[in-house]
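First the structure, in the form of structure tokens, and then the observations on it.
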Amino acid sequence: MESGGSTIRYVSPIVVLLGTALTGAGLTGCSFIGYAIGSGIDSGEPIDTAQSFLQSDLARIAKGDSLGLDLVDGGYVAGTFKSISLEDSSAYHQRCLRRRERAGLPKGIPLPGDSIFIIGHTGKDPIRLIGTLASYDSASLWTYRVHGGTWPTPYSVIDTLVFGKEGIVPGKWLREAASSGGLPLLGRDLVLESWGLDKRVPLDRVAAFHIRGKGSAKWTGLGIGIAVDVVVVVAAVLASGNALPGAGFK
């Protein structure tokens, strides 16, 4: 269309539709390539790697994170993080049983669930406690009480621990074993979901862990790809001899 020596050039409807399809869909041409590359990064690139595992690192793990765990024995476990829970009771019982066999005492040590009788003192006050062994920790013996719940009794106040038939553990032995790491302390497990099944991994078996990315790279790649696609479309329009709507006069 001619007007005062100037020509207004309108873009072809076909070119407009083509450009809209490319930029609107966001998954054609360079957009698709950018998205694909970003997805590949998300699926394989760890965004956070711990050279060694510390208890304080647990605050950095959130439910739903994809974890890879390097184990102290050289193994590897991967899955989706669900929770941290107390060690499985049957596994803990087996650890206590193995420790009983190595205790070097006539009857070994009591196991979780055994009835125990604690004889001790605090200053001049005697201690006489009856309960059921719950667990050992680094400073105390934990027992289930008659009315429920658990209660710690420090090794420092125990003179003698009696259990079963003629089972006797001197308080001195308990204190020495606790200070040397010789007691089976109740641990905690990392619970992961892998292939629809829960896996429990004791924290003391973890040497290092890796948290995989949250999937942001594919969106970055997509955005870059769309921007490139827009440039390509504009170049194609100009090369075709058509101006974009509202481009002005020549």
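If you check residue 43 against the conditions, is it among the polar types (S, T, N, Q), at pLDDT below 85, assigned to a helix (DSSP H, G or I) and crowded, with 16+ Cβ neighbours inside 10 Å?
On the way: among the polar types (S, T, N, Q): yes; at pLDDT below 85: yes; assigned to a helix (DSSP H, G or I): yes; crowded, with 16+ Cβ neighbours inside 10 Å: no.
Criteria not met by residue 43.
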Q.
Can you report the number of residues in the range 65-97 which are closer than 14 Å to residue 136 by Cα and among the basic types (Lys, Arg)?
A. 1
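Any chance you could count how many residues in the range 113-138 are more than 18 Å from residue 168 (Cβ to Cβ), in a strand (DSSP E or B), out of contact with any strand residue (DSSP E or B) (no Cβ under 7 Å at 6 or more places or on another chain) and not polar (S, T, N, Q)? Don't jump to the end; show me each part of the working.
Taking the range 113-138 and keeping what is more than 18 Å from residue 168 (Cβ to Cβ), we get 113, 122-125, 134-135, 137-138.
Adding the requirement that they be in a strand (DSSP E or B) leaves 122, 125, 134-135.
Subsequent filtering for residues that are out of contact with any strand residue (DSSP E or B) (no Cβ under 7 Å at 6 or more places or on another chain) retains 122, 125.
If we keep only those that are not polar (S, T, N, Q) as well, we get 125.
So the count comes out to 1.
State which residue is surrounded by the fewest Cβ atoms within 10 Å (Cβ to Cβ) when the search covers only the range 84-125 and only residues that are acidic (Asp, Glu) and over 17 Å from residue 153 (Cβ atoms). Spell out how you get there, then give the answer.
Of all residues in the range 84-125, those acidic (Asp, Glu) come to 87-88, 101, 114, 125.
Right, trim to over 17 Å from residue 153 (Cβ atoms) and you get 87-88, 101.
Working: 87: 20, 88: 14, 101: 9.
Of everything passing the filter in the range 84-125, 101 is surrounded by the fewest Cβ atoms within 10 Å (Cβ to Cβ).
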Q.
Go through (1) small (Gly, Ala, Ser); (2) touching a helix residue (DSSP H, G or I) at 6+ places or on another chain (Cβ under 9 Å); (3) touching a residue at least 24 places away in the same chain (Cβ under 8 Å); (4) farther than 20 Å from residue 186 by Cβ for residue 108 and report which single condition fails.
A. (4)
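The values are calculated or read from the model by the stated rules, or taken from the named source; none is laboratory data. None of these values were measured; they are calculated from a predicted model. Reconstructed Cβ throughout: ideal geometry from the backbone, glycine too, with neighbour counts over all protein chains shown.
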